[in-house]
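Asker: Got a structure for you, questions after.
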Amino acid sequence: MRVCVIGTGYVGLVTGVCLSHIGHDVICVDNNEEKVKLMKSGQSPIFEPGLSELMTACIQEGRIEFTTDLAKGVEHGEILFIAVGTPPLPTGESDTRYVEAVARGIGAHLNSGYKVIVNKSTVPIGSGDWVRMIVMDGVLERQVATAGGGVAVAEPDVAFDVVSNPEFLREGCAVYDTFNPDRIVLGSNSSRAISMMKDLYAPIVARQFAEDKSGPTVPVVVTDLSSAEMVKYAANAFLATKISFINEVANICDRVGADVTQVAKGIGLDSRIGSKFLQAGIGWGGSCFPKDVAALVHTADDYGYEAQLLKAAVSVNDRQRLIAVEKLQQVLKILKGKTVGLLGLTFKPDTDDMRDAPALTIIEHLARLGTKVKAYDPLVSQTGMRHGLSNVIVETDPERLADGCDALVLVTDWSQFKTLDYAKMASLMNSPILIDGRNYLDQEAIEKAGFRYVGIGR
């Protein structure tokens, strides 16, 4: 099938490359000329395991193309994905300016063939009908401009339907998640559009590209537009709440002498609860959970309902980010004049994404308390990308990080951190203290290396 993906961020680029890999003819459109030039050369502008290799192969096979020409993409695609960013506004609602601009641009270039316009961006509930309206506005504006002022304009001769197809990709696992989804959600009242979307995803539904090709077919959930949009918000809000719940339990465990890792194992074996997202630590961040929870709370407020549970989940998470600072104060007492090293900066491993990373909050508070902050991150240190970081010295290796530190804090659970030479690092420190902000390391091994180990809720 002929596919156009508009927007080449984490979602758009992964979607375009993976659809190309399974056999579709894809054009990816972005208005950033430098970014398009980079992608044309076979380089990915984002770090995502496995993505660069797939992208290079698809370019060589002639199944994917990158351009700044929206008209070319719209003309090419039977299915048009809108995958631009919807960053949060200060009020918590999503900024839909980019979605609006793309929808209007699609309308300005629609031809007489039937198109399926897919909302892949996380958009406010009810955006499907709004996107249809904006596309039609773009069509009419084009016709008025073509006909000239004062000339009657005929009914637009275009045929399209809007589908909501939310993504559930985890950064660092996005390629894997595309080929091994738990479900595919399609929201539309058009049977024709749903049929085309099912054809598009048929190889993935049949698990032809899955890690385990013998598994059952992927469930396809067909809903109305608003329900599909709500599925995305509800899924992320639930996972964020689950993390905040186990962090709340961890804080109680700290006070009563229980071990939250054992508690999480005990409750996770209950099939009604499940073990995933029960890892206590310093809270959630990134581009999805904070934005989506805030947007759902804002939507509830718009309709006269106070989402108290979701607000509490956010409040717990805000407080949890300071747990690492509290632990440091407990073991070091006065932090002014001390040096603290952070193991990890990104909000999660296997990504270079620093958006709303807990590390930023920790750095800010430690700096305010007069602490010298150093950090080592396997990706940020390697690439030299500063991500606007201030009040922190980014070191090039873990031993440089440890040298002269009064304590270390594990912030991101990178797999590399399990195999560091902790004995060597301990010998370089003023006081070998390690705050494990993710309960990720082997306490016995860390203590054997000479550290005083402090976990969360342990």
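The values are calculated or read from the model by the stated rules, or taken from the named source; none is laboratory data. A quick note: this is a predicted structure, and the numbers were derived from the prediction, not measured. All Cβ positions, glycine included, derive from the backbone under ideal geometry; neighbour counts span all protein chains shown. SASA here: full protein model, heavy atoms, side chains in, ligands and nucleic acids out. Shrake-Rupley method; radii C 1.70, N 1.55, O 1.52, S 1.80 Å.
Asker: Quick one: count up the residues across region 314-356 that are modelled with pLDDT of 95 or more and either in a helix (DSSP H, G or I) or of a type in the set (A, V, I, L, M) (or both).
Answerer: Going through region 314-356 one residue at a time, the tally reaches 24.
Asker: What number goes with the only condition from (1) closer than 26 Å to Leu360 by Cβ; (2) free of Cβ contacts under 8 Å to residues at least 40 places away in the same chain; (3) among the β-branched types (Val, Ile, Thr) that Val411 does not pass?
Answerer: For Val411, the failing item is (2).
Asker: Pull up region 55-69, narrow it to residues that are outside any strand (DSSP E or B) and surrounded by 20 or more Cβ atoms within 10 Å (Cβ to Cβ), then point me to the one that is farthest from the chain's Cα centre (by Cα).
Answerer: Top of the filtered list is Cys58.
Asker: Here are some conditions: (1) assigned to a helix (DSSP H, G or I); (2) of a type outside the set (A, V, I, L, M); (3) surrounded by 17 or more Cβ atoms within 10 Å (Cβ to Cβ); (4) touching a residue at least 60 places away in the same chain (Cβ under 8 Å). Glu100 meets all but one. Which one does it not meet?
Answerer: Here Glu100 clears every test but (4).
Asker: Exactly one condition in (1) touching a residue at least 60 places away in the same chain (Cβ under 8 Å); (2) open to solvent by 50 Å² or more (accessible area, probe 1.4 Å); (3) not basic (Lys, Arg) is not met by Ala313; state its number.
Answerer: (2)
Asker: Hey, another quick one. When both residues are 6+ apart or on different chains and their Cβ atoms are under 9 Å apart, which pairs have a first residue that lies in region 2-13 and is more than 16 Å from Ile117 (Cα to Cα), and a second that is open to solvent by 10 Å² or more (accessible area, probe 1.4 Å) and in a helix (DSSP H, G or I)?
Answerer: Sorted first by the residue in region 2-13, then by its partner, the pairs are Thr8/Lys35.
Asker: Sticking with this structure for a sec: Of the residues Gly457, Gly370, which is within 25 Å of Val260 (Cβ to Cβ), open to solvent by less than 50 Å² (accessible area, probe 1.4 Å) and at pLDDT 95 or above? It would help to see each step written out before you state the result.
Answerer: On the way: Gly370 fails: within 25 Å of Val260 (Cβ to Cβ).
Every option except Gly457 fails the conditions.
Asker: Here is a further query. Would you mind finding the one in Glu306, Glu326 that is touching a helix residue (DSSP H, G or I) at 6+ places or on another chain (Cβ under 8 Å) and open to solvent by 30 Å² or more (accessible area, probe 1.4 Å)?
Answerer: Among Glu306, Glu326, only Glu306 is touching a helix residue (DSSP H, G or I) at 6+ places or on another chain (Cβ under 8 Å) and open to solvent by 30 Å² or more (accessible area, probe 1.4 Å).
Asker: What residue, of Gly281, Gly268, Gly215, is modelled with pLDDT of 95 or more, of a type outside the set (Asp, Glu), more than 20 Å from the chain's Cα centre (by Cα) and open to solvent by less than 30 Å² (accessible area, probe 1.4 Å)?
Answerer: Gly268
Asker: Asp413 passes all but one of (1) in contact with a helix residue (DSSP H, G or I) (Cβ under 9 Å, 6 or more places away or on another chain); (2) open to solvent by less than 60 Å² (accessible area, probe 1.4 Å); (3) acidic (Asp, Glu); which number fails?
Answerer: The single condition Asp413 does not satisfy is (1).
Asker: To continue, here is another question. Give me a count of the residues in region 416-454 that are in contact with a Phe, Trp or Tyr (Cβ under 6 Å, 6 or more places away or on another chain) and either open to solvent by less than 10 Å² (accessible area, probe 1.4 Å) or not small (Gly, Ala, Ser) (or both).
Answerer: So the answer is 5.
Asker: Please work out which residue is surrounded by the fewest Cβ atoms within 10 Å (Cβ to Cβ), limiting yourself to region 106-119 and to residues that are assigned to a helix (DSSP H, G or I) and out of contact with any strand residue (DSSP E or B) (no Cβ under 8 Å at 6 or more places or on another chain).
Answerer: His109
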